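Remarks on the structure that follows.
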Amino acid sequence: MDLEAVRTFVAVAEAGRFQRAAVDLSITQQAVSKRVAALEGDLGVRLFTRAPRGAELTIDGRAFLPHARELLRVAERAGASVRPGSRPLRVDVIASRSAQSGLMRGFHRAHPGIDLDVMMLFDIETAVTALRSGAIDASFRAVAAPGRPLPEDIASVRVLDEPLQLLTGPAHALAGARSVPLARLTGHRIWMPGIAPGTEWGAYYDDLIAAFGLTIEVTGPNFGSDALLDTIADTPALATFMGEHSRLIWPADHGLRRIPVTDPTPVYPHSLLWHRDNPHPALATLRDHLAATTPGQGAPGTWVPDWVTRHRPPPDDRKPDVP
C-alpha cells in the first residue's frame, strides 16, 4: 500500500476538500485526485463522494480512516527507530548488576537527555553480529580471545580493568583475611557455575587457572546469583570470584565476605565495541564519557591474559576522538 496515497487520503478527510488538501500537502489538486483514485483501486472501494460542501467520506472511507492514521503512525515510528538522533542509543551489557551496567548508569546521570536502550546479549559472537547488523550501537566485552580476532569493521577501546574479589561465607578458612595473595588460593575450591565454554569470560578464567593453578569448578546448573550466594554462605569449603564493581545484595545473616585479591590482582578487562560506520551521534558522547571517567588500564601489580595485552585495535581514522 502506497503510504503517500494513504497520507493524501487522511489529508483530504481532515480538510474536507481536495483543493485544501493539495495546499496542505504542497502538491497539485490533480495529484491529490490521482493518489486517492489509486488507493481506491488498491482497496476496491470508493472512499469519498463529491458533494456541494466538498469531499465526504463514504461508509468504507470512515471505516478505513482510523487504520490509515495508524499506518502513518507506524511508519513514523519505524523511521524513527533507525534514524540517528531520533532513536535511543542501544548498548549491550553482560548483566544488570555488572560493572558495565554501572558504567551506563553513570553515563545516564551525566547525559540524562540521551535516550538509552540497555540490553543483555550472551557472548561476543552474538554481540558482534548485532553490531554489524545495526541491532545495537555498542557492546561491553573482553577482547580478543585467542583465535577470535575482531572483524576489521568493529572498533574497540579498553575502558575499565575491574579487580576480582574473593567472596566467601563466614566459616571459610579465608573469611577473616583483609586481603589474600592470588597464589594462596591454590587448593581452594572456587565455584563459578556461570562460566560458559566458548565465551570470552570462559577464555579469561581458563587462562587464570592455567597461570596460577587454581581450582575453578563450573559443575551444576546455574540458578542465578541468589542461589550462588546462598550456597557460598552455607558451604565453608566453597568460595567464588566477583568483580569489585558488581552490585550484589544478600541477606545480612549470610555473613558473606568480599576479600581483595593481591600479588597480583587479577582484573577483568572491559572494552567497548562498536561498528566503525555507526553514525549515531550519542556513540561518540559515550566514548568521550568513558575516556574521561574511567581509570587507566594496565596498572602495576595487576594481571590479565596475554591475549588482552597483545590486542591492539587498528586505528579508526574516521573517528579521531577515540582514545
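The values are calculated or read from the model by the stated rules, or taken from the named source; none is laboratory data. None of the values given here were measured: they were computed from a predicted structure. Every residue, glycine as well, gets a Cβ built from its backbone with ideal geometry; the counts of neighbours run over all protein chains shown.
One line per residue, one yes/no per condition, for (1) surrounded by fewer than 19 Cβ atoms within 10 Å (Cβ to Cβ); (2) outside the structural domain of ASP306 (by TED's automatic domain parsing); (3) not in a strand (DSSP E or B):
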site	(1), (2), (3)
ARG184	yes, no, yes
GLY187	yes, no, yes
GLY194	yes, no, yes
LEU208	no, no, yes
ASN222	yes, no, yes
ILE232	no, no, yes
THR240	no, no, no
ILE249	yes, no, yes
VAL261	no, no, no
β-branched (Val, Ile, Thr), out of contact with any strand residue (DSSP E or B) (no Cβ under 7 Å at 6 or more places or on another chain) and within 30 Å of THR285 (Cβ to Cβ), is that true of VAL74? yes
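Name the residue that is surrounded by the fewest Cβ atoms within 10 Å (Cβ to Cβ), counting only residues in region 125-136 that are outside any loop (DSSP other than H, G, I, E, B) and of a type outside the set (A, V, I, L, M). Spell out the reasoning first.
Of region 125-136, the ones outside any loop (DSSP other than H, G, I, E, B) are 125-133.
Filter again for of a type outside the set (A, V, I, L, M), leaving 125-126, 129, 132-133.
Details: GLU125: 13, THR126: 15, THR129: 13, ARG132: 15, SER133: 9.
Among those that are outside any loop (DSSP other than H, G, I, E, B) and of a type outside the set (A, V, I, L, M), it is SER133.
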Flag if LEU43 is within 30 Å of ALA135 (Cβ to Cβ), within 46 Å of the chain's Cα centre (by Cα) and surrounded by 13 or more Cβ atoms within 10 Å (Cβ to Cβ): no
In region 64-103, what residues are under 28 Å from ASP42 (Cα atoms) and either modelled with pLDDT of 90 or more or in contact with a Phe, Trp or Tyr (Cβ under 9 Å, 6 or more places away or on another chain) (or both)? PHE64, LEU65, PRO66, HIS67, ALA68, ARG69, GLU70, LEU71, LEU72
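Does LEU160 fit the bill of being closer than 30 Å to LEU272 by Cα and modelled with pLDDT of 95 or more?
no
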Residue ranges of strands (runs of 3 or more DSSP E) in region 5-124 with at least 1 members touching a residue at least 12 places away in the same chain (Cβ under 8 Å) and of a type in the set (Lys, Arg): 89-92
How many residues does region 267-305 hold that are outside any loop (DSSP other than H, G, I, E, B) and either among the hydroxyl-bearing types (Ser, Thr, Tyr) or without any contact (Cβ under 8 Å) to a residue 12 or more places away in the chain (or both)? 6
Could you tell me whether region 50-72 includes any residue that is under 33 Å from the mean Cα position of the chain (by Cα) and of a type in the set (A, V, I, L, M, F, W, C)? yes
Name the one entry in ALA203, ALA252 that is over 27 Å from ALA130 (Cα atoms) and either touching a residue at least 40 places away in the same chain (Cβ under 8 Å) or among the hydrophobic types (A, V, I, L, M, F, W, C) (or both). ALA252
Hey, ALA233 hits all of (1) in contact with a His (Cβ under 6 Å, 6 or more places away or on another chain); (2) under 21 Å from VAL118 (Cβ atoms) but one; which does it fall short on? (2)
Take the conditions loosely packed, with under 14 Cβ neighbours inside 10 Å and closer than 30 Å to HIS172 by Cα and apply them to ASP277. Does it pass? no
